[in-house]
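Here the structure is laid out as structure tokens; the discussion comes afterwards.
The values are calculated or read from the model by the stated rules, or taken from the named source; none is laboratory data. The structure displayed is predicted, hence computed values, not measured ones. Here the Cβ is made from the backbone with ideal geometry for all residues, glycine too, and neighbour counts use every protein chain on show. Just the protein is used for accessible areas: all its heavy atoms, side chains included, with ligands, DNA and RNA removed. Shrake-Rupley method; radii C 1.70, N 1.55, O 1.52, S 1.80 Å.
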Amino acid sequence: MRCQSLTKFGNPLTAEERPDMTVSGTEVLLKVTANGVCHSDLHIREGSYNLGHGQRMNFGERGMKLPLVMGHEPAGRVIAAGPDAGDIDTSLDYVVYPWHGCGSCHQCKMGRENYCAAPKFLGMFADGGYADMLKIPHPKYLFGIGSLTPAQAAPLACSGLTTFSALKKVEDTIKAAPVVIIGAGGLGLMAIGLVKSMGGLDPVVVDIDPEKREAALAAGASCAIDGAAEDAVAQVQAATGGPSLAVIDLVGAEATASLAFNAIAKGGKIVIVGLFGGAAPWPLPLIPVKAVTIMGSYVGSLPEFAELMDLAVQGKVPMLPTATHALEEAENVLNQLEEGKVIGRAVLTP
Ligand SMILES: [Zn+2]
Ligand SMILES: [Zn+2]
């Protein structure tokens, strides 16, 4: 097999040839047809997250072992399966749910493998899709992609699922009042389309960039507000017909967390997804007084991915523009992503 391997944090990826993998038990071997290049792959290559205040979270200390084949947005075709994997249709294209847990802890048993404390996430704690072959432990992680192309389906495993899971957390209110989405980048545009497929009212979008606000309106937002405007909170509340019941913060900066808190209604929910960083800006007494829920959302669960893929094969999930590249281009693509030169999603097609 061919793969692009990370052998040292902070170093470029290296091309490797490895012996072909074999399968046993419930394992499934795929020929990788596409793998999305995600922004978090940049952090993995670097080896840490910037936590602000001069602190970093070091992945090596968190159990990430090198060499590692990155890639947590894989799609592929089944080329072999272990004797206990059951019947698998080898004529279909699949996308792989990558957020595998240990399988035996409380979280995993509750179907929340993405919250497992001993994760085996593909491309982070197990070899992922920057390769022409990928082994997964069980066929339950495979989902048919219908008439989507592998390059369209692959990014649903991370960026699509992340957006969907955040919206599921406020699903109870999106039909009563428009949800507020802060950040109109790729995830924001996907969120606008997903809200509609989930039967919600047209969302209110906030972004400081006028071009992104235009894109949000074109994607179907009911209005797009400049988050830097002095009266941004009043504008948001006017657009949601009063204090906002739900805000999804796809940026996760102090300014956006503050805007969300000031706009939120009593009993409302703020879901923070973005990892921009900084410190919490809210006065503690106002959290109980407003009875507000402030929660985080990280990728999504296996049942949520099943639901998302159902919508996707029905054509109800907006597709981001994708550009495909050869596997050997992985390092270049990462560098382009780092320089902000990638529009939509970059996908490797081994
Ligand atoms: Zn990702
Ligand atoms: Zn677990």
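General observations
- Subset of LYS109/LYS140; LYS168/LYS269; LYS31/LYS316; LYS169/LYS266; LYS168/LYS196 violating a 22 Å alpha-carbon distance limit: LYS31/LYS316
- Label point at ASN332 placed 7 Å out along Cα→Cβ; residues across the range 67-105 whose backbone nitrogen lies under 20 Å: 70-71
- Straight-distance crosslink candidates among lysines, where the alpha carbon sits under 20 Å from LYS65 and sequence neighbours closer than 8 are dropped: LYS8, LYS120, LYS135
- Sparse-neighbourhood loop sites, GluC sites (Glu not before Pro) in the range 1-97 - DSSP loop, at most 12 other Cβ within 10 angstrom: GLU61
- Extension gain, HIS138 back to TYR298 (0.36 nm per residue minus Cα-Cα distance, nm): 55.4 nm
- Exposed loop sites were defined as trypsin sites (Lys or Arg not before Pro) in DSSP loop states (anything but H, G, I, E or B) carrying at most 14 other C-beta atoms within 10 Å; in the chain the longest segment without such a site runs 176-315.
- Across the chain, the volume of the C-alpha convex hull divided among the residues equals 138 Å³ per residue.
- With a Förster radius of 35 Å applied to the beta-carbon distance between SER147 and LYS341, the computed FRET efficiency rounds to 0.70.
- This model, with +1 at the C-beta of Lys and Arg and -1 at the C-beta of Asp and Glu, gives the range 161-296 a dipole about its Cα centre of some 540 debye.
- Cross-link reach is defined here as a Cα-Cα straight distance under 21 Å, omitting same-chain residues fewer than 8 places apart; for LYS341 the lysines meeting it are LYS212.
- Surface calculation, 1.4 Å probe, protein heavy atoms: MET295 sits at approximately 60 Å² accessible.
- The chain - accessible surface per residue (Å², probe 1.4 Å): 43
- Average Cα contact separation per residue, the chain, under 8 Å, 6 or more apart, as relative contact order %: 19
- Cβ-based charge dipole, the range 1-121, positive-most Cα from SER104, GLN55, ALA118: GLN55
- Maximal additional length on extending the GLU254-LYS175 stretch stands at 25.6 nm, based on 0.36 nm per residue less the C-alpha distance.
- The chain: most fluctuating residue of LEU161, LEU286, LEU66 per GNM, C-alpha cutoff 10 Å: LEU286
- Among the protein heavy atoms, those of ASP20 account for about 100 Å² of accessible surface (1.4 Å probe, every chain in place).
- Of the GluC sites (Glu not before Pro) found in the range 284-350, those in coil by DSSP whose Cβ has at most 13 other Cβ atoms within 10 Å are GLU339.
- Note on the chain: with charges restricted to the Cβ of Lys and Arg (+1) and Asp and Glu (-1), its dipole about the Cα centre is near 780 debye.
- Estimated inter-spin distance, ASN58 and ASP84, nm [label 7 Å along Cα→Cβ]: 3.8
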